[in-house]
Each structure stands twice: as C-alpha cells, then as structure tokens.
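Enquirer: For reference, the structure I am asking about is given below.
The values are calculated or read from the model by the stated rules, or taken from the named source; none is laboratory data. Quick caveat: nothing in here was measured; it's all calculated off a predicted structure. The protein model used for the area step is the full one, side chains on, heavy atoms only, and it has no ligands, DNA or RNA in it. Shrake-Rupley method; radii C 1.70, N 1.55, O 1.52, S 1.80 Å.
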Amino acid sequence: MPGIQANMIGEGLNHSLGVSPLMVGVVGAIFLGIIILGGIRRISTFAAVLVPLKVGAFLLLTAVVLIANYDRIPTMFSWIFLSAFNQGSVFGGMMGSAIAMGIRRATFASGAGMGEETPAAAAAETAHPVGQGLANSFGIYVDIVICTCSGLMILVTDCFNTASGYIGSGSAKMGELAAAGKNGIVFPQEAVGTLMPGLGEFVMGVVVILFAFTTILSYYYQAETGMAYILGNASENTRKNVYLVMKVMVLIVYIYFSTTTSTIAWAAADLACGMMVWLNVLMLWFLFPKVVAMLNDYEEQRKADQVPFFDPDKVGIENVDIWKEINKEQIAAARAGSSKINMTGAGKASFDV
C-alpha cells in the first residue's frame with residue numbers, strides 16, 4: 001500500500017525539480033526511517049502536526065485556482081455531466097469498465113470498509129466506540145472534498161490527458177506527459193503551475209508529498225498494530241525483532257516504488273487494497289449485528305440526555321473487558337441506579353435503565 005504514495009512523491013519531485021526518483025527514494029526513506037524507528041508515539045506526533053496543514057494548504061490552492069479560472073467553471077461542469085451521461089459513457093459503464101475503475105479509486109481514496117481506519121480509531125480515547133466510529137465516518141466526506149478538489153483543478157485548467165487520446169491544452173507540457181505515459185500527481189501540479197509557472201508545480205508537489213508521507217506513516221502504523229495482535233503473548237525481544245524487519249521492509253518498498261512507473265505502483269496498490277477489502281467486508285457481515293446493537297445503545301443514551309458510555313454486558317458483547325476498565329465508574333453508577341429502581345418497584349414489573 002505505501003508503494004503508490006512513494007511513487008507519487010518520486011514523480012512529483014522529478015516533475016517539479018528534475019530530481020532523480022532514486023535520490024528522492026533514498027532521501028525519503030531516511031526521513032521515513034527516522035520517524036518510524038522512533039515508534040508509534042513519534043508517528044502520531046508527526047501526523048498530528050502535518051494533517052491539518054496539508055488539508056488547509058490543498059483547499060487554499062483549489063480556491064485560488066477556481067477563482068482565477070471562474071469564467072471556465074460553467075464549461076467544466078458541462079464536461080462533467082456530458083461525460084457522465086453521454087451514450088458512450090453509459091454503455092461503457094454497462095460493460096463494467098467505468099464502474100470498476102470508480103469503485104477501485106473510491107475505495108482507495110477512503111479507508112471506509114476496508115479496515116484501514118480501525119487501528120487508529122482503536123487507539124483513540126473515547127467512552128463509547130460508536131462515538132469514535134461516527135468521527136471516523138466524517139473522514140469519508142473529507143476524502144470526497146479533497147479528491148473533488150483535485151478533479152476540479154485539473155478540469156478547470158484543462159491540465160489532464162485521457163487514455164482515449166484526449167490531450168489537455170492548459171499546459172504546454174501535456175503533450176510531453178502523454179507521450180511519456182505520465183499521469184496522476186503531475187496533472188494538479190500543472191494546474192497550479194498555470195497560475196505560478198515553475199513555482200506552482202513545486203508548491204503543489206510539496207503539498208502532495210505531505211499527503212503521501214503521512215499516508216505511508218498511517219500504513220505502517222496499521223501494519224505494526226496488526227502484527228502486535230498476531231504476536232499475542234510473544235516475548236518483548238521477539239516483538240522488537242519482528243518490528244525491525246517490518247520497518248526495513250517498508251523502507252525497501254519505499255525506495256523501489258519511488259523509481260518504478262505509476263502503472264506498476266497502481267497495480268500493486270489495487271491488488272493490496274482489494275485483498276484488504278474482500279477480507280474486511282466478510283468480517284463486517286458477521287460483525288454487523290454487534291454494530292447495530294452498539295449504535296442503538298449509543299442513540300438511546302443520547303436521547304436520554306446522557307453522555308454515552310459503553311458497557312459490553314448491556315449489549316451482549318463478550319471478550320472486550322478493556323471497556324469495563326475504561327468505563328468502570330459509569331458502569332458501576334448505572335448498575336447501582338438500576339438496582340435502586342428494581343427495589344423501589346417491588347410489586348410492579350421490574351425494569352432496568
């Protein structure tokens with residue numbers, strides 16, 4: 001999964017500064033190693049600083065590009081709707097190619113449903129898992145906004161090429177990029193470059209690097225969290241050795257994909273993403289009843305003007321005793337209140353709250 005992000009960084013800096021992808025990979029691997037060798041806390045600290053910065057910068061760049069090309073916005077939306085609903089697109093979608101590509105990219109853009117968000121969500125401090133689940137679901141809309149911004153920038157400036165042979169006229173480099181088979185990050189770079197030739201490509205490259213780099217850190221965090229679960233009660237020495245091997249593997253992957261083509265990087269990413277999605281969707285099928293039970297419990301507490309907290313026994317979920325420890329005071333108070341109601345309601349139907 002980190003491969004496509006490493007490839008984006010390599011292509012982005014190569015396009016804006018002409019730096020060798022291999023050099024980008026080696027230098028990037030050094031920075032990546034410094035962070036991940038520092039452990040989970042260093043990863044969290046680094047990401048917490050960069051995430052708001054990168055999102056804000058990307059939204060600002062999009063706004064500037066759209067304002068500068070405001071007269072082209074009607075034409076842009078006509079392109080979007082005509083391309084979506086013309087006869088060729090309809091039949092292409094019926095054949096499955098357009099739908100398949102849309103599903104792959106949409107799934108990759110958001111961690112929803114494929115298990116990518118689970119480790120980070122599980123590390124959050126919350127009294128009820130549904131509260132964190134709702135916070136994570138909001139992230140889907142942030143992903144949609146960011147991806148939409150990329151599309152709007154390249155469309156409004158006509159800085160994109162298509163596999164069917166269309167070559168954008170927004171930049172003099174579009175023909176060169178088409179001939180070289182380059183796509184992806186270079187399109188929004190050229191879009192911003194229409195406003196600030198030379199500088200725009202670099203600025204957008206830096207912003208995308210922030211996105212890609214923090215995503216790679218996220219992937220490693222997920223991998224280490226999953227491995228911690230697999231190792232179970234293994235010794236501390238075994239854990240350290242396994243984690244060290246994982247860190248070295250991530251750095252090798254980073255360097256390799258920095259120098260490969262975007263086609264290979266996307267193919268590898270789609271394969272890895274697809275494996276995670278199929279496995280996780282099956283698990284979601286079996287976990288769905290528990291999710292519904294927890295959601296109902298959360299909503300009931302909200303309707304009763306309570307601050308929601310999670311008691312696994314209340315919804316019949318076993319083997320999650322950590323929640324009893326987290327909410328032991330709230331659970332004890334609730335059970336004490338329940339006992340009082342049962343005692344005062346002698347002679348009447350007994351009930352719990």
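Enquirer: Just to confirm, what accessible area per residue do you get for the chain at 1.4 Å probe, in whole Å²?
Expert: Details: 20400 Å² over 353 residues.
So the chain comes to 58 Å² accessible per residue, rounded to a whole number.
Enquirer: At a 1.4 Å probe radius, which order do Ser20, Ser262 fall into by accessible area, largest first? Write down the numbers at each step before the final one.
Expert: On the way: Ser20 60, Ser262 10 Å².
So the residues, ranked largest to smallest area, are Ser20, Ser262.
Enquirer: In whole Å, what are the Cα extents of region 182-262 along the three principal axes, biggest one first?
Expert: 57, 20, 16
Enquirer: Which one of Ala293, Ala304, Ala68 has the biggest mean-square fluctuation once the chain is modelled by GNM with Cα springs under 10 Å?
Expert: Ala304
Enquirer: If you don't mind, another one. Translational D (Stokes-Einstein, µm²/s) of region 154-298 at 25 °C and 0.890 mPa s when Rh comes from the Kirkwood sum over C-alpha pairs? Walk me through the numbers before you get to the answer.
Expert: Numbers: Rh = 19.0 Å.
Reported coefficient: 129 µm²/s.
Enquirer: For Lys54, give me every one of the aspartates and glutamates with a C-alpha distance below 17 angstrom, ignoring sequence neighbours fewer than eight places off in its own chain.
Expert: Within the straight-line cut-off, Lys54 pairs with Asp143, Glu201.
Enquirer: Tell me, what does the Kirkwood hydrodynamic radius of the chain come to in angstroms if you use every pair of distinct C-alpha atoms? Walk me through the intermediate numbers first.
Expert: Values: mean 1/r = 0.0427 Å⁻¹.
This gives a value of 23.4 Å.
Enquirer: How much of the accessible area of the chain, in percent, comes from carbon and sulfur atoms when a 1.4 Å probe is used? Walk me through the numbers on the way to the answer.
Expert: Numbers: 14020 of 20400 Å².
For the chain, the apolar C and S fraction of the accessible surface comes to 69 percent.
Enquirer: Only helices at least 15 Å long along their own axis, judged from Cα atoms, and with Kyte-Doolittle mean hydropathy of -0.5 or greater: name those in the chain from DSSP H. Don't skip to the end; give the middle numbers.
Expert: Values: long enough: 2-17 (22 Å, -0.03); 21-36 (21 Å, 2.62); 40-68 (42 Å, 1.89); 73-85 (18 Å, 1.55); 97-109 (18 Å, 0.77); 129-156 (41 Å, 1.44); 199-231 (48 Å, 1.31); 236-259 (36 Å, 0.64); 262-303 (51 Å, 0.63); 328-344 (24 Å, -0.44).
Qualifying helices, which must be both long enough and hydrophobic enough, are 2-17, 21-36, 40-68, 73-85, 97-109, 129-156, 199-231, 236-259, 262-303, 328-344.
Enquirer: Run lengths n ≥ 4 of DSSP H only: what is the helix-derived mean residue ellipticity at 222 nm for the chain, with -39500 (n - 2.57) per run over all residues, to the nearest 500? Write down the numbers at each step before the final one.
Expert: Details: 15 runs with 266 residues, N = 353.
Taken over the chain, the calculation gives -25500 deg cm²/dmol.
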